[in-house]
Amino acid sequence: MARDWSKDPLQFEEERQRVLKLRPLRISPWEEVNGRIVVLKPKFQHPLLQRYLLPRLKNPMYRVHLDEIGSFVWRLCDGGHSVGDIEQELKKHFGAAVEPAFERLTLFLAQLFRGRFIRYVGRE
C-alpha cells in the first residue's frame, strides 16, 4: 500500500533525504549487448539445484533486458554513487524525459532490490 505523503510533507522530505543517501551496488552478473544492459539471474537459487541442475539446462539464466534509462542507472549502481548522485546524472543526461526523476528512480531501484539484483551499501 502506498503512503499518503500529503498528510505529512515533512515526513516525506525526511524519507526522501534518507533515500538520497543510499548507495546501490550491483550483485547480479550482467553483460552489455548493443549498448544496453542484460542482467543475468540463475533460474534456481537453492545451492543443490544450482550445483546439479543448472549445468544441465540449455539456458540456466534468466536474461533481463534493460532499456536505455535502466541501462544508464545500472552502470551507476557501483556502490560509489548515491541515489541522489544517480538522480542528478539522470537529469543531466536525459533532461525532462525522466521527470519525475526521483519517483521513477526509486521505483526502479526498489524493483531491482526486490529481485535481488542490487543491494545497498553504507546504510546508516
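A short reminder: the numbers here are calculations on the coordinates, not readings from a lab. All values derive from a computational prediction rather than experimental measurement. Virtual Cβ from ideal backbone geometry, glycine too; neighbours counted across all protein chains shown.
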Worksheet item: Nearest 20 debye, what's the magnitude of the dipole of the chain about its Cα centre given +1 on Lys and Arg Cβ and -1 on Asp and Glu Cβ?
Response: 860
Discussion item. Just to check I understand the Karplus step: with θ = phi - 60° and J = 6.51 cos²θ - 1.76 cosθ + 1.60, what whole-Hz values come out for the range 24-34, glycine and proline as x?
Written reply: x, 10, 5, 10, 9, x, 7, 9, 10, 10, 6
Worksheet item: Cα to Cα, under 21 Å, and not fewer than 8 places away if on the same chain: which lysines meet these conditions relative to K21?
Response: K91, K92
Fill in: Footprinting exposure proxy for F72, F94 (fewest neighbouring C-beta atoms within 10 Å first)
F94, F72
Worksheet item: Among the lysines, which fall within straight-line cross-link reach of K58, defined as a Cα-Cα distance under 19 Å, with same-chain neighbours fewer than 8 residues apart omitted?
Response: K41, K43
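Take peptides 76-88, 106-118, 26-38 and line them up by average Cβ neighbours within 10 Å, highest first, as a rough protection proxy.
Ranking, from highest mean packing down: 76-88, 106-118, 26-38.
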Worksheet, complete the sentence: Bounding extents of the chain in its principal axis frame from Cα atoms, largest first in Å, are 54, 31, 26
